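A short write-up of the structure that comes next.
The values are calculated or read from the model by the stated rules, or taken from the named source; none is laboratory data. Treat the numbers as computed from the prediction; the structure is a model and nothing was measured. All Cβ positions, even for glycine, are placed from backbone atoms using ideal geometry, and neighbour counts span all protein chains on display. We work out accessible area using only protein heavy atoms, side chains counted, and drop any ligands, DNA or RNA first. Shrake-Rupley method; radii C 1.70, N 1.55, O 1.52, S 1.80 Å.
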Amino acid sequence: MFQKFSMVVLEKYRFLICSFRGAVPQGLVLELGETVQILEKCEGKCFSLLQGIFPANYIHLKKAVVSNRGQYETVVPLEDSVVTEVTATLQEWAVLWKQLYVKHKVDLFYKLRHVMNELIDLRRQLLSGHLTQDQVREVKRHLTVRLDWGNEHLGLDLVPRKDFEVVDSDQISVSDLYKMVRNLWEISLSRMLLNDSKKGPPHLHYRRPYGCAVLSIMDVLQSISEIKEEKDFVLKVYTCNNENEWCQIHENIIRKSSTKYTAPSSNYGLIISLQLLRGDMEQVRRENPMIFNRGVSVTRKLGFPDVIMPGDIRNDLYLTLEKGDFERGGKSVQKNIEVTMYVLYADGEILKDCISLGSGEPSRSAYHSFVLYHNNSPRWGEIIKLPIPIDRFRGSHLRFEFRHCSTKDKGEKKLFGFAFTPLMRDDGTTLSDDIHELYVYKCDENSTFNNHALYLGLPCCKEDYNGCPNIPSSLIFQRSTKESFSVSTQLSSTKLTQNDILDTLFVVLDDNTEKYGLLVFQSLVFIINLLRDSKYFHFRPVMDTYIQKHFAGALAYKELIRCLKWYMDRSAELVRQDHIQEAMRALEYLFKFIVQSRILYSRATCGMEEEQFRSSIQELFQSIRFVLSLDSRSSETLIFTQAALLNSFPAIFDELLQMFTVQEVAEFVRGTLGSMPSTVHIGQSMDVVKLQSIARTVDSRLFSFSESRRILLPVVLHHIHLHLRQQKELLICSGILSSIFSIIKTSSLEGDVVEEVEMMVESLLDVLLQTLLTIMSKSQSQEAVRGQRCPQCTGEYVSCLLSLLRQMSDTHFQHLLDNFQSKDELKEFLLKIFCVFRNLMKMSVFPRDWMVMRLLTSNIIVTTVQYLSSALHKNFTETDFDFKVWNSYFSLAVLFINQPSLQLENATPAKRKKILDKYGDMRVMMAYELFSMWQNLGEHKIHFIPGMIGPFLGVTLVPQPEVRNIMIPIFHDMMDWEQRKNGNFKQVEAELIDKLDSLVSEGKGDENYRELFSLTQLFGPYPSLLEKIEQETWRETGISFVTSVTRLMERLLDYRDCMKGDETENKKIGCTVNLMNFYKSEINKEEMYIRYIHKLCDMHLQAENYTEAAFTLLLYCELLQWEDRPLREFLHYPSQSEWQRKEGLCRKIIHYFNKGKSWEFGIPLCRELAMQYESLYDYQSLSWIRKMEATYYDNIMEQQRLEPEFFRVGFYGRKFPFFLRNKEYVCRGHDYERLEAFQQRMLSEFPQAIAMQHPNHPDDSILQCDAQYLQIYAVTPIPDNIDVLQMDRVPDRIKSFYRVNNIRKFRYDRPFHKGPKDKDNEFKSLWIERTTLTLTHSLPGISRWFEVERRELVEVSPLENAIQVVENKNQELRTLISQYQHKQMHGNINLLSMCLNGVIDAAVNGGIARYQEVNYITKHPGDAEKITQLKELMQEQVLLFLGLAVHEKFVHPEMRPLHKKLIDQFQMMRSSLYHVSCMYFLKASNLKTFSPFLGVNAGMARNYSIRILKYSLSLSEQMQSIQVTGVSPNLLPIFRISKRSLFSNSPVLSGKCRWLQFGLWCAPIFLQNS
């Protein structure tokens, strides 16, 4: 059976109980736990055009409620909301849980798994339906604790709850929601959870002090006195700095002696839940049975209770372990002392369960103290309760045993002493409530206490000793006179006493009112005020019970009203008003007596004298108003009286409601509050009292009635308005407003609150905005100075403003806008509210995880803006256009769309769906609003060019397609309007490029943004930018601009991706170079070009590429001139002249060249600076730069530098970044880096790349594939400066630099055979495929690699290859000979040995002979010149003679056999070379091919001889520097002089003939024939 999925809604909903892979046609792939809605159910298969089919037995049916039917409908299952939340949360956690493992957060991974299993188990219990209400509540509590823990550790949002269920933000006021989230946040910051780890020992053998937490009960009572539910409190756990002061840590915390303890970290503490329960124990148990079913313990007051109820029997002894003083006992360190206490009966039996360590803890038979480390004088201060039965009290005693706890073995405790004390004296009296210093007796583990009489006969203390005159001298237990032990005791035992004087007082009052009325009133006031004392606070329930059940004074109300009025009327006359103030403080209970008395009288008389009673109350309230209306600024006494009255006044409302209607009581209160002075200058303390009285009025039951609120709201709002205007007592005012909004929100769910909201809008909206602007301004300045978040009252007032705005309807907004008297007033209001909204989005009012508050804020803002947009358009568009208001509006819209909390792409799928279901995508809503307002501007659009280009561009970078489609056409409008005005859109172009660079560099934008300006829109009513431009007369420049911007975005996005990812330095540098060159060459943006020059320079410095950093900075230096033109401050440069900036840059560049050992590049800059200093006669700077230049020359000659290798890299495939894709580069390797290491480095930088194993150019299949291919091989640099390399006397340290620097061309040779391969001589067919690569720039430069600009491919013939091979080898040989001859290289001559061996060995084995084959001449007559060149090069190889002479001089004795071998092989090589040469020239003379050459035989021979002569002279000069006497005899045959020499008699050569003969030997045929 299969079922079909559809959007059709049924009141049923199903979830997967087994995953389905959709392996059937039209199958719907579903995962375990996913939910589906059913369209239809059928036997067999069912086909769905919308989604697909799935088996019916894979799902479980659940009932659900469908709300908001249609496209955005919501389906909510009919189950406990906590179960639903757990299910959704577990699904969301499952994804994040797997990511923890991938990210190697193993500890949290296992903790979260444990919590998830617990949630599943608790959810199962909740679904079972077998739990009692109390058990259900407990399970829900455990569930929510674990949900909050997981959300906190996974970085998810806070979830506000009420009664364990997620709060619906639509059902409560924003102020209440803010309080809930804030409290939850504070708790989460200090949450301390136990570690579930099983590591460590199974149990501890003794107790150790750890930490202490303190909570003020008075603070608790103030905060929960009016709350009926539990409230969580956070206790910070402090540790003691000095363990010896542990007994005083709680007092130090209370006194805030911070030097004595260590404050905890921000998220470390304890959480306790407290709830205030009123009434006696019997009443509390009856009204709250579930609380006591949870095993709640009852803690009794230490000492006698304030109220002793009948039947309350108690016999508790409280013992405090005070201190001890013990001997070291021969140990090198002090002891670790543990005290063990037992309660023993007269017969020596240990009393069971007579020791209590605290309420709720099970009683035990033994007590073990905590242990202080290495302390012989411990101070414990620990209190133990001993609930000893009265019948076992007499004869019992306490025994204290002292043990030393070893730190080496935790199981070892050694007994070394004990003390004891009886509980009752012989005279029957108990231990006095005092400190008792007990004697300490020595003992050990072998001592026995079985016979307790052995020690009970000993004195336990000094007082006991004085009563024991005859003590035996030899005892089992000896007292340690230097040791002592102190305890203190306090006994709490019951005595039933109860005296009631209230009835007596009222009897006296009834007997003689005139005589005793005032005295009884004063006595009653005194008794009532006793209840205000914390010691007697618990008598209040007793007093309430008395008034309700026992009070019988039916006539008392008359006298009480009279006396109270008399006191109030005298308040303006008397200087001392203590008795009046006492009466004001007793006002609550006086009215309780008055009202109850009137009720009794009314019952007895059937309501007689009702009018008289009402009149007396009216007169009493007139007196109250009179007291409050008095000017108290000059009378401190009167201030106290008024304060006492205001504090007590709200407490009488409930009593008045028993006798008067809600409206009547509200009128009483309004008149009273209205009588208070309206100014806020009467003194801060009085302002506070006045506002506290208003706050209690708002929190009273009276204010919850809508009919009373309409009466009271105006006067309450009046006073709030005054204080907000003056910025006084903001915190109290915010609390009052929060309460008002909470009540109104609750009332709005049940009835109409339009009138009340209207009053609040008129009175509060403007002043709330002004208050918030002031607070935010101060907060921003504080944040700038101290880096703090917004103060608490900021959040309070934001929530109040949002509460008010959310309660406003269309009518309210219309009335608000209509009530402005002028456009200036409307403008001021709009600017205020827009500014507040902008600050809400810019400032950290709500932390990141307060998502529920952030989303609600955004929803209220966008709704409010929609209401205000019409007013803005209507009043400030045409002739009354106001730029300031419109600019403020656009700025607000841009900030709104860019809010981090609205970027749904960054949220988890579950969170994204939840937000979209509740609010939709608010970015789209605001974008439509913004576009609509932009269209309404008309010709005024020009005012926002170029100012709004950047902000609007930022909106397009939001990764939401619809938002982008809405915003892009705005840029067409901007271009069009500037084109109309200026004939071009240069401003738009410049600003767009600048802002695009800035925004993308900040990490905004995505892959789809590359083609944003040129793509056709996918949906929406707006055409693309390119489509609109193509319809304009300026389309050519427009299209060109869009193309440039698109190319820029490609590079910017590549740059952004490289910078924000974990990319290597090479990628970042390459991407930056690419972008920098684009700014210079394609769009000519000099400032952006310079910015990226410095970014690139910083990257090079970080990578220690100092030469490249210098070349990069040189780009900026070359833009500057040696002029005194002033330059503005830019980047890190101060305001200075152009000359100064260029000088500073030159010095820095020279420094970088020095660090990169590229002194040759730094020397020209030194000279340039020297010229400037010389022209200014700045000889001091000139001297410095000349010395620097000289130092660089020394460094060139003295310091060793390595020649780097170069590598060609091809990046093929579409997966590479844009600046690398299908391009080839040549890279300058690092020091000591060879091909294998470079390949490994590149593959690590591109881990997804595939290395190509051949050097052939790739085809299109590789270039266009979605992959990455790397092609790497080494290349040979082709130096530009050949002259210096051919100078023999130039040191190789200098040549080495020019061989590998300033290189723009590189060569790569690939050998191949062309035609048939000759087995005897493979060189005949061995051709070379030579690829020459020309770069865009020379290396080194601003990067270690540059792109190949041009490649040339040529084929080199075997002859040409031979010429190059021989020439290169000759050059190498000459260089080495020169270096050793001029002592540029010392010691090791291995390089020369290898070079000589290579040349001689190749020649002896036929290498040269193969190049000298004469047959080649007949087959290739056109290569005569090349053949001649090759012959000359081969003849030059007789340089080996000179090399062997140098080798003879420096060779190590151990290498002499190698040297002899080289000489022998050289003789063979010389003979071979001479023979082949003769044959070549004799043969060549008979060939007609060379007839032109032979026709001028004499002249050519003479010229050739002269050339050879010159070369020989050069050789002879070099040879003379060698000591002939050191020449080996084996080498002497080479120096024989030919008698047939043509120049033997020449006087010029007479001194050099011996060496000259060697030179003449190079061409014997020519010389002899001539």
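Things to note:
- When residue 1357 is tested against the conditions (1) within 60 Å of the chain's Cα centre (by Cα); (2) at pLDDT 70 or above, the lone failure is (1).
- Count of segment 389-420 residues, restricted to those that are under 21 Å from residue 488 (Cα atoms), touching a strand residue (DSSP E or B) at 6+ places or on another chain (Cβ under 6 Å) and modelled with pLDDT under 85, is 2.
- Scanning segment 1152-1202 for residues that are free of Cβ contacts under 8 Å to residues at least 60 places away in the same chain, charged (D, E, K, R) and part of a loop (DSSP other than H, G, I, E, B) gives 1157, 1178.
- Any hit, segment 734-750, residues being assigned to a helix (DSSP H, G or I) and over 16 Å from residue 803 (Cα atoms): no
- Put simply, of 163, 134 the only residue that is in contact (Cβ under 8 Å) with a residue 24 or more places away in the chain, surrounded by fewer than 18 Cβ atoms within 10 Å (Cβ to Cβ), on the phi > 0 side of the Ramachandran plot and not aliphatic (A, V, I, L, M) is 163.
- Going through (1) more than 15 Å from residue 806 (Cα to Cα); (2) in contact (Cβ under 8 Å) with a residue 60 or more places away in the chain; (3) open to solvent by 10 Å² or more (accessible area, probe 1.4 Å) one by one, residue 869 falls short only on (3).
- Pairing each residue of segment 806-830 that is touching a residue at least 12 places away in the same chain (Cβ under 8 Å) and at negative phi with any residue that is buried (at least 18 other Cβ atoms within 10 Å of the Cβ) and among the small types (Gly, Ala, Ser), provided the two are 6+ apart or on different chains, yields C-beta distances under 9 Å for 806/173; 807/173; 813/871; 817/871; 826/871; 830/871; 830/888.
- Meets criteria (at pLDDT below 85 and either open to solvent by 40 Å² or more (accessible area, probe 1.4 Å) or hydrophobic (A, V, I, L, M, F, W, C) (or both)) for residue 358: no
- Candidate set: segment 329-339, residues that are assigned to a loop (DSSP other than H, G, I, E, B) and under 19 Å from residue 439 (Cβ atoms); chosen: the one modelled with the highest pLDDT: 335
- Any pair with Cβ under 7 angstrom, 6 or more apart, that starts in segment 1342-1367 at a residue that is touching a residue at least 12 places away in the same chain (Cβ under 8 Å) and ends at one that is part of a strand (DSSP E or B) and open to solvent by 70 Å² or more (accessible area, probe 1.4 Å): 1346/1337
- Tally, over segment 888-927, of residues that are farther than 19 Å from residue 845 by Cα and outside any helix (DSSP H, G or I): 4
- Helices (runs of 4 or more DSSP H) wholly inside segment 557-653 containing at least 2 residues that are among the charged types (D, E, K, R): 578-585, 587-605, 610-629
- Answer from 373, 318, 342 - the residue that is open to solvent by 60 Å² or more (accessible area, probe 1.4 Å) and either of a type outside the set (A, V, I, L, M, F, W, C) or modelled with pLDDT of 85 or more (or both): 373
- Residue check for residue 629: open to solvent by 10 Å² or more (accessible area, probe 1.4 Å) and either touching a helix residue (DSSP H, G or I) at 6+ places or on another chain (Cβ under 7 Å) or within 27 Å of residue 555 (Cβ to Cβ) (or both): no
- Candidate set from segment 1240-1285 (those that are among the small types (Gly, Ala, Ser) and part of a helix (DSSP H, G or I)); member that is farthest from residue 1161 (Cα to Cα): 1261
- Residues of segment 846-862 that are open to solvent by 10 Å² or more (accessible area, probe 1.4 Å) and either free of Cβ contacts under 8 Å to residues at least 24 places away in the same chain or not in a helix (DSSP H, G or I) (or both): 846, 847, 848, 849.
- Close pairs from segment 757-776: first under 16 Å from residue 745 (Cβ atoms), partner open to solvent by 30 Å² or more (accessible area, probe 1.4 Å), Cβ under 6 Å, at least 6 apart: 757/807
- Residue within segment 1278-1293 that is closer than 14 Å to residue 1351 by Cβ, open to solvent by 50 Å² or more (accessible area, probe 1.4 Å) and out of contact with any Lys or Arg (no Cβ under 6 Å at 6 or more places or on another chain) present: no
- The lone exception for residue 1207 - which of (1) in contact (Cβ under 8 Å) with a residue 60 or more places away in the chain; (2) farther than 28 Å from residue 1156 by Cα; (3) aromatic (Phe, Trp, Tyr) it fails: (2)
Residue-wise test of (1) at pLDDT 70 or above; (2) part of a loop (DSSP other than H, G, I, E, B); (3) open to solvent by 40 Å² or more (accessible area, probe 1.4 Å); (4) charged (D, E, K, R).
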| site | (1), (2), (3), (4) |
| --- | --- |
| 45 | no, yes, yes, yes |
| 48 | no, yes, no, no |
| 51 | no, yes, yes, no |
| 54 | yes, no, no, no |
| 57 | yes, no, yes, no |
| 60 | yes, no, yes, no |
| 64 | yes, no, no, no |
| 79 | yes, yes, yes, yes |
| 83 | yes, no, no, no |
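- Looking only at residues in segment 556-612 that are buried (at least 21 other Cβ atoms within 10 Å of the Cβ) and of a type in the set (Phe, Trp, Tyr), the one that is farthest from the chain's Cα centre (by Cα) is 557.
- Complete set of residues in segment 903-923 that are surrounded by 20 or more Cβ atoms within 10 Å (Cβ to Cβ) and either more than 24 Å from residue 831 (Cα to Cα) or in contact with a strand residue (DSSP E or B) (Cβ under 6 Å, 6 or more places away or on another chain) (or both): none
- Per the listing 184, 158, 177, 221, the residue uniquely within 30 Å of residue 101 (Cβ to Cβ), modelled with pLDDT of 70 or more, part of a helix (DSSP H, G or I) and open to solvent by less than 80 Å² (accessible area, probe 1.4 Å) is 184.
- Qualifying residue in segment 646-658 (condition: open to solvent by less than 30 Å² (accessible area, probe 1.4 Å), more than 23 Å from residue 557 (Cα to Cα) and polar (S, T, N, Q)): no
- Of all residues in segment 1085-1112, those satisfying the criterion of being among the aromatic types (Phe, Trp, Tyr) and more than 28 Å from the chain's Cα centre (by Cα) are 1089, 1106, 1111.
- Every pair of residues 6+ apart whose Cβ atoms lie under 9 Å, when the first sits in segment 431-454 and is part of a loop (DSSP other than H, G, I, E, B) while the second is among the basic types (Lys, Arg) and open to solvent by less than 30 Å² (accessible area, probe 1.4 Å): 449/399; 452/399
- Tally of residues being modelled with pLDDT of 65 or more and loosely packed, with under 14 Cβ neighbours inside 10 Å across segment 1450-1485: 10
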